[in-house]
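To keep things clear, I will list the structure first and then write my remarks on it.
The values are calculated or read from the model by the stated rules, or taken from the named source; none is laboratory data. A quick note: this is a predicted structure, and the numbers were derived from the prediction, not measured. Here the Cβ positions follow ideal geometry from the backbone for every residue, glycine too, while neighbour counts run over all protein chains shown. The protein model used for the area step is the full one, side chains on, heavy atoms only, and it has no ligands, DNA or RNA in it. Shrake-Rupley method; radii C 1.70, N 1.55, O 1.52, S 1.80 Å.
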Amino acid sequence: MPIVFALLVVLVAGLGPGEEPEYVPAGTEAYSLDLELDGYSNGKMDPDRMMTVRGCTLERDAAYLFSLMVDAAQADGIDLRQEDCYRTYKEQARAYDRRCPYVETPIFGVDAVTGEQVQTGTHRARECTGPPVAPAGASNHGWGRAVDFATRHRVLSCYDDEFHWMRNNAHRFGWVHPAWAECGKATQEPWHWEFAGVTDPTLVEYVKIDPRLIPALE
């Protein structure tokens, strides 16, 4: 049976000479499926897959776009800094234990003989305070695809120039602010941003195949 090769013609429209295509996030939250399929574990990333840029250790794809984003921010007069980047499994476990310690609550019952209320046991459960924190192995920081951004003095707030720059520009580099962290929500974390990967819509939208070749492929 003869082998028929179809020619895919990729057309990038609307771009002037020397212009780069506009990239957009591939999703709305950190993308980790590729890392899982490659056999990596959350919080136990292989050092060979990691890079440290400006003191921030991230998965290499996230690190590259992070570096471009920080450079772009600086060009606009915005000094983006980071409070936290990759967290190992143990580091995430310690953070979860601090935010969600075990608390023992006494359980009371009525003594069948005396009729008095007496302690019959204790209930032990975690009680979390402050912003949400994921258990070890469940945080996107553990994939090296999340960063807590900061100003010179503290983590980002919803009113900082750095935050507004991120909101208007981070998507160009595949970085997103997940819905649960949006300002105005009880779980808001304006400092927390995630790498969702990038897609070039011009390449996706304008990939075409010559319809005359379709019958030859059937």
| Enumeration of residues in region 102-121 that are open to solvent by less than 60 Å² (accessible area, probe 1.4 Å) and either under 22 Å from residue 85 (Cβ atoms) or of a type in the set (A, V, I, L, M, F, W, C) (or both) | 103, 118
| Criterion violated by residue 13 - all others in (1) at pLDDT below 95; (2) aliphatic (A, V, I, L, M); (3) not in a loop (DSSP other than H, G, I, E, B) satisfied | (3)
| query | Which one is farthest from residue 33 (Cα to Cα), of the residues in region 132-168 that are in contact with a strand residue (DSSP E or B) (Cβ under 9 Å, 6 or more places away or on another chain) and in a helix (DSSP H, G or I)? | reply | 162
| field | Residues within region 91-110 that are assigned to a helix (DSSP H, G or I) and out of contact with any Lys or Arg (no Cβ under 8 Å at 6 or more places or on another chain), tallied | value | 8
| field | Contacts under 7 angstrom Cβ, first residue in region 175-201 being in contact (Cβ under 8 Å) with a residue 40 or more places away in the chain and open to solvent by less than 50 Å² (accessible area, probe 1.4 Å), partner in a loop (DSSP other than H, G, I, E, B) and β-branched (Val, Ile, Thr), 6 or more apart | value | 176/28; 178/28; 196/28
| note | Checked 94, 124, 81, 99 against criteria (over 28 Å from residue 31 (Cβ atoms), among the charged types (D, E, K, R) and open to solvent by 70 Å² or more (accessible area, probe 1.4 Å)); the one match is 124
| message | Among the residues of region 47-65, what is the count of those that are closer than 17 Å to residue 139 by Cβ, of a type in the set (A, V, I, L, M, F, W, C) and surrounded by 17 or more Cβ atoms within 10 Å (Cβ to Cβ)? | response | 3
| said: Cβ-Cβ under 7 Å, sequence separation 6+ or interchain: first residue in region 144-160 and farther than 20 Å from residue 66 by Cβ, partner crowded, with 18+ Cβ neighbours inside 10 Å. Which pairs? | reply: 157/163; 157/190; 158/190
| task | Considering only residues that are part of a helix (DSSP H, G or I) and polar (S, T, N, Q), look in region 61-90 and name the one that is farthest from residue 195 (Cα to Cα). | result | 74
